[in-house]
Amino acid sequence: MSAGVRRVAFVCLGNICRSPTADVVMAALLERAGVDGVSVESCGTADWHVGGPMDRRTAAVLDDAGYDPSRHRARQFGPSWFDHDLILTMDATNHADVLAMLPADRHDRVRLFRSFDPEVDRTGPIPDVPDPWSGGEAGFLEVLAIVERSCRVLLSELVETA
Ligand code: 4NP
């Protein structure tokens, strides 16, 4: 990762499930680690839920795990996000959609979120964070597990390159 990352954006489709989970978990990890000067935010490529809260199933899983989901309001990716130092996309479609909008000289700021997942084989393709929206509770718990272990790696890389 390049040095001096100050602003991190997590991007999914609706900004009510996966990227808000990463946003809330990463903010908590940064706070607990006493890291100042790195801000995290999240947004979706779609505008469907803009201004609204998280999906209630995402909020319940976060709440049960000791995080605060209450302040989230959904936002949409657009030019105001182009200055973020690191843009982490939750799946291959989000990734392609972000690259299609972002000026080419900033494409190196965009990475798939699971490139930080310690359980992913780095020699193969990087998998998606599975979209839990149309499934059951297990999918929301899986998203949280992926996010927690990936954000721990992200935190250590941010601290190393600070
Ligand atoms: P997210 O999940 O991209 O992780 O927030 C979804 C949320 C809403 C929809 C799809 C995925 N939707 O079709 O409304």
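A few points about this structure:
- Search result, residues across segment 1-32 that are among the charged types (D, E, K, R) and over 14 Å from residue 148 (Cβ atoms): 6, 7, 31
- Take the conditions (1) at pLDDT 95 or above; (2) surrounded by fewer than 21 Cβ atoms within 10 Å (Cβ to Cβ); residue 5 misses just one of them, which is (1).
- Matching residues in segment 116-140 - criterion: being farther than 15 Å from residue 18 by Cβ and of a type in the set (S, T, N, Q): 123
- When every residue of segment 142-162 is checked against the conditions, at least one turns out to be of a type in the set (A, V, I, L, M, F, W, C), assigned to a loop (DSSP other than H, G, I, E, B), under 19 Å from residue 31 (Cβ atoms) and modelled with pLDDT under 95.
- Which listed residue, of 70, 80, 42, is at pLDDT 95 or above, assigned to a loop (DSSP other than H, G, I, E, B) and not aromatic (Phe, Trp, Tyr): 70
- Matching residues, segment 18-34, being β-branched (Val, Ile, Thr) and within 11 Å of the ligand (Cβ to nearest atom): 21
- All of 68, 91, 105, 121 fail the test of being more than 15 Å from residue 7 (Cβ to Cβ), charged (D, E, K, R) and crowded, with 18+ Cβ neighbours inside 10 Å, apart from 91.
- Residue match in segment 86-94 (condition: assigned to a loop (DSSP other than H, G, I, E, B) and either under 22 Å from residue 146 (Cα atoms) or more than 16 Å from the ligand (Cβ to nearest atom) (or both)): yes
- Counting only residues that are closer than 22 Å to residue 78 by Cα, assigned to a helix (DSSP H, G or I) and away from the ligand (no atom under 16 Å from the Cβ), segment 95-141 holds 9 of them.
- Residue 15 meets the stated requirement of being within 14 Å of the ligand (Cβ to nearest atom) and either in contact with a His (Cβ under 8 Å, 6 or more places away or on another chain) or not polar (S, T, N, Q) (or both).
The values are calculated or read from the model by the stated rules, or taken from the named source; none is laboratory data. If you're wondering where the values come from, they're calculated on a predicted model, not measured in any experiment. Ideal geometry is used to build each Cβ from the backbone, glycine not excepted, and the neighbour counts take in all protein chains shown.
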